[in-house]
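Working notes for the structure below.
Where a number appears in this text, it was derived from the coordinates with a stated rule and is not lab data. Worth saying up front: this structure is predicted, and the values here are computed from it rather than measured. Every residue, glycine as well, gets a Cβ built from its backbone with ideal geometry; the counts of neighbours run over all protein chains shown.
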Amino acid sequence: MLAGLLMAGMDSTVVATALPTIIGDLGGFDKFIWVTSAYLVMMMASTPIFGKLSDMYGRKRFFIFGLALFLLGSMLCGIAGSVLQLIFYRAIQGIVGGALMPIAFTIVVDIFPPEKRGKMMGLVGTVFEISSILGPLLGAYITEYVS
């Protein structure tokens, strides 16, 4: 679960540092802001939907589904041939990002007794903080050395 959160958390910050290079390669500077906005808007819209669905049908199922679709969205972003494709694939990532982050916190509440929840929530928060640090570094590395 924590590895999935690390991946999802890094995704936003990886793109932030690599985006100028990506836009330069793909063109479409006028659509620059939509690469990030599509992700955020779709994540905000899907979070309450996945929250309710996970309450009704089980959190594990939606977390695993979200993680698998997030990986697919990441791969599609990597092979995007245009800015419009990239925006569309980032929107897919945003939709399932709305499943990963909030459901992870709810899973902690579901599986840990009250006396251990604070420690586990701290661990989940630490993973998000680590992703905020590693994401820009990874984005810069990929931009500079991978292509």
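Of note:
- Dipole magnitude of the chain about its Cα centre (Cβ charges: Lys, Arg +1; Asp, Glu -1), debye to nearest 20: 480 debye
- Comparing mean-square fluctuations of Arg59, Arg90, Arg117 from a GNM of the chain with C-alpha springs under 10 Å, the top value falls on Arg117.
- Proximal aspartates and glutamates to Lys119, defined as alpha-carbon separation beneath 19 angstrom and excluding residues fewer than eight positions away on the same chain: Asp110, Glu129
- The stretch 47-62 versus the stretch 4-18: alpha-carbon centroid distance in Å: 23 Å
- Rounded tilt (10° steps) of 2-26 against the dominant C-alpha axis of the chain: 10 degrees
- From the C-alpha gyration tensor of the stretch 2-146, square roots of 5λ in Å: 29, 17, 11
- Rounded if a/c under 1.5, otherwise prolate or oblate - the stretch 105-147, Cα gyration tensor axes: prolate
- Since only Leu53, Met121, Gly27 are under comparison, the one whose Cα sits farthest along the positive direction of the charge dipole of the chain, derived from C-beta charges on Lys, Arg, Asp and Glu, is Leu53.
- Angle between the chain longest axis and helix 59-78 axis [Cα atoms, degrees, rounded to 10]: 10 degrees
- Normalised contact order of the chain, rounded percent, pairs of Cα under 8 Å and 6 or more residues apart: 43 percent
- Computed helical MRE - 222 nm, the chain, DSSP H runs ≥ 4 contributing -39500 (n - 2.57), nearest 500: -31000 deg cm²/dmol
- Using alpha-carbon coordinates, inclination of helix 114-141 to the longest axis of the chain, degrees: 10 degrees
- Within a Gaussian network of the chain (alpha carbon springs, distance under 10 Å), most fluctuating of Pro48, Pro102, Pro113: Pro113
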